[in-house]
Amino acid sequence: MKKVGIMTMHRVVNYGSFLQAYGLKKIIEELGNSVEFVDFNIEKSLVEKEKKLLLKKIKNNLNFVTFYNKKRCLEKFKKEYNDNYLPMLGVGAKNYNPVLDTLVIGSDEVFNCMQPLPVGYSRELFGKNYEKINVISYAGSFGHTTIKQLREKKVDKEIGDMFNKFKTISVRDENSKKIVESLSNKEAIIHFDPVLITNFDNVITNKVQMNNYIIVYAYTGRLSKFEEKYIKKFAKKYNKKIVSLGFYQKIADYNLVVEPFEMLEYFKKSDYVITDTFHGTIFSIKMHAKFCTIIRDSNKNKLYYLLNETKQLCRQVNNLDDIERLYKKDMNFSETDKKINEERKCSIEYLKKNI
């Protein structure tokens with residue numbers, strides 16, 4: 001039995017962060033290892049000014065009622081997450097630099113260093129201070145970070161040098177693969193997000209009594225007024241309640257904070273899911289929910305790749321009329337499930353070989 005640490009975004013308050021962490025831990029434990037989560041030391045931000053501009057933009061676009069309700073929803077979610085969900089992962093006090101045989105960095109956007117604090121450019125996410133042990137990554141992502149940005153900030157060489165000390169590198173998308181291979185002498189392997197390859201059958205709840213509802217799974221404030229108006233009209237036309245999980249949506253009939261495995265049950269029993277997020281798409285695929293994914297300039301690379309790899313490219317929304325069109329179109333998950341089973345075997349073999 002090896003002592004394995006996972007360094008990821010497990011403390012970020014959203015369902016995707018929790019379930020990808022839970023899934024990876026479960027898979028590594030099932031390979032006969034002991035697993036603990038490792039925290040990273042937060043360093044400087046490379047984009048502090050951009051953060052201030054973003055906050056100003058959000059504040060200007062949200063009216064007071066929406067801002068207050070969003071804040072109340074987030075505070076409730078944060079309390080539930082810290083008090084109840086983190087203990088499910090075995091996470092308590094911050095855990096820095098434990099004694100390990102192997103450190104697994106990932107999954108999620110662990111390499112996305114072009115974002116503001118509280119993550120910023122934290123070099124332990126690239127293996128710094130762990131050079132004396134076995135370091136690998138699993139399904140890590142640079143998110144919206146580009147090679148051009150890394151070169152402009154003059155961190156490209158340092159990142160490449162840190163990558164060269166990894167035993168092996170696994171990413172979850174083509175953009176991340178290109179960056180790793182451009183900056184280092186390492187070949188990057190693409191693997192699926194842990195949520196897609198984890199079996200949740202034994203933990204999904206049987207609590208949801210609601211019916212006739214659709215889920216809108218999007219970050220608060222991201223939907224435009226035009227999109228909100230369209231979705232609300234669509235829900236009314238088909239006599240569906242609108243449910244939002246973990247994020248406040250002013251058009252929702254129910255803004256809910258539920259535990260992560262109950263959230264999956266809501267997806268499973270929904271009549272339709274409208275999302276514009278990576279993990280919202282993954283939850284839908286995992287639960288075989290009828291869904292559509294809104295494609296935006298900010299997410300088109302990772303969402304297009306995800307939908308293409310899971311054989312669900314036909315579920316993308318490029319204009320709002322696609323939402324109703326796709327609602328009327330039946331789902332087919334046979335090729336998707338086949339692909340996921342293949343990727344599960346590859347992921348397990350990768351982890352077994354390199355841990």
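Restricting attention to segment 198-226, the residues that are under 22 Å from the mean Cα position of the chain (by Cα) and among the charged types (D, E, K, R) add up to 2.
For (1) of a type in the set (Asp, Glu); (2) over 23 Å from Pro194 (Cα atoms), each residue gets a yes or a no:
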{"residue": "Asn84", "(1), (2)": "no, no"}
{"residue": "Gly92", "(1), (2)": "no, no"}
{"residue": "Leu103", "(1), (2)": "no, no"}
{"residue": "Lys128", "(1), (2)": "no, yes"}
{"residue": "His144", "(1), (2)": "no, no"}
{"residue": "Asp156", "(1), (2)": "yes, yes"}
{"residue": "Val171", "(1), (2)": "no, no"}
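All conditions but one from (1) modelled with pLDDT under 95; (2) closer than 26 Å to Tyr254 by Cβ; (3) in contact with a Leu (Cβ under 9 Å, 6 or more places away or on another chain) apply to Ser224; the one that does not is (3). Across segment 127-152, which residue is nearest to the chain's Cα centre (by Cα) among those that are farther than 19 Å from Asp39 by Cα and either of a type in the set (Ser, Thr, Tyr) or surrounded by fewer than 16 Cβ atoms within 10 Å (Cβ to Cβ) (or both)? Of everything passing the filter in segment 127-152, His144 is nearest to the chain's Cα centre (by Cα).
Of all residues in segment 326-339, count the ones that are polar (S, T, N, Q) and either loosely packed, with under 13 Cβ neighbours inside 10 Å or modelled with pLDDT under 95 (or both). So that I can check it myself, show each step before the final result.
At the first step, the residues of segment 326-339 found to be polar (S, T, N, Q) are 332, 334, 336.
Narrowing the set further to residues that are either loosely packed, with under 13 Cβ neighbours inside 10 Å or modelled with pLDDT under 95 (or both) leaves 332, 334.
Total satisfying the criteria: 2.
Scan the strands (runs of 3 or more DSSP E) fully inside segment 242-325 and keep the ones with 2 or more residues being out of contact with any Gly (no Cβ under 6 Å at 6 or more places or on another chain) and crowded, with 22+ Cβ neighbours inside 10 Å.
Counting at least 2 such residues, we get 272-275, 291-294.
Exactly one residue among Val47, Val65, Val35 is modelled with pLDDT of 85 or more and of a type in the set (A, V, I, L, M, F, W, C), and that residue is Val35. Within segment 182-201, being in contact (Cβ under 8 Å) with a residue 24 or more places away in the chain, buried (at least 18 other Cβ atoms within 10 Å of the Cβ) and not β-branched (Val, Ile, Thr) holds for Leu183, Ser184, His191, Phe192, Asp193, Pro194, Leu196, Phe200. Only a single item in (1) part of a helix (DSSP H, G or I); (2) modelled with pLDDT under 95 is not met by Leu86, and it is number (2). Where helices (runs of 4 or more DSSP H) sit wholly within segment 146-225, those with at least 1 residues that are among the hydroxyl-bearing types (Ser, Thr, Tyr) and under 29 Å from Ile295 (Cβ atoms) occupy 174-183.
Under the condition of being of a type in the set (D, E, K, R) and within 22 Å of Ile285 (Cβ to Cβ), which residue from segment 1-29 is surrounded by the most Cβ atoms within 10 Å (Cβ to Cβ)? Please lay out each step first, then the result.
Taking segment 1-29 as the starting set, the residues that turn out to be of a type in the set (D, E, K, R) are 2-3, 11, 25-26, 29.
Next cut, within 22 Å of Ile285 (Cβ to Cβ) only: 25-26.
Details: Lys25: 25, Lys26: 15.
Going through the qualifying residues, I end up with Lys25.
Table: residues versus (1) assigned by the TED database to the domain that holds Asn308; (2) free of Cβ contacts under 8 Å to residues at least 40 places away in the same chain.
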{"site": "Val203", "(1), (2)": "no, no"}
{"site": "Ile231", "(1), (2)": "yes, no"}
{"site": "Lys241", "(1), (2)": "yes, yes"}
{"site": "Leu256", "(1), (2)": "yes, yes"}
{"site": "Phe261", "(1), (2)": "yes, no"}
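The values are calculated or read from the model by the stated rules, or taken from the named source; none is laboratory data. Keep in mind the model is a prediction, meaning the values are calculated, not measured. As a convention, Cβ positions derive from the backbone with ideal geometry for all residues, glycine included, and neighbour counts pool all protein chains shown.
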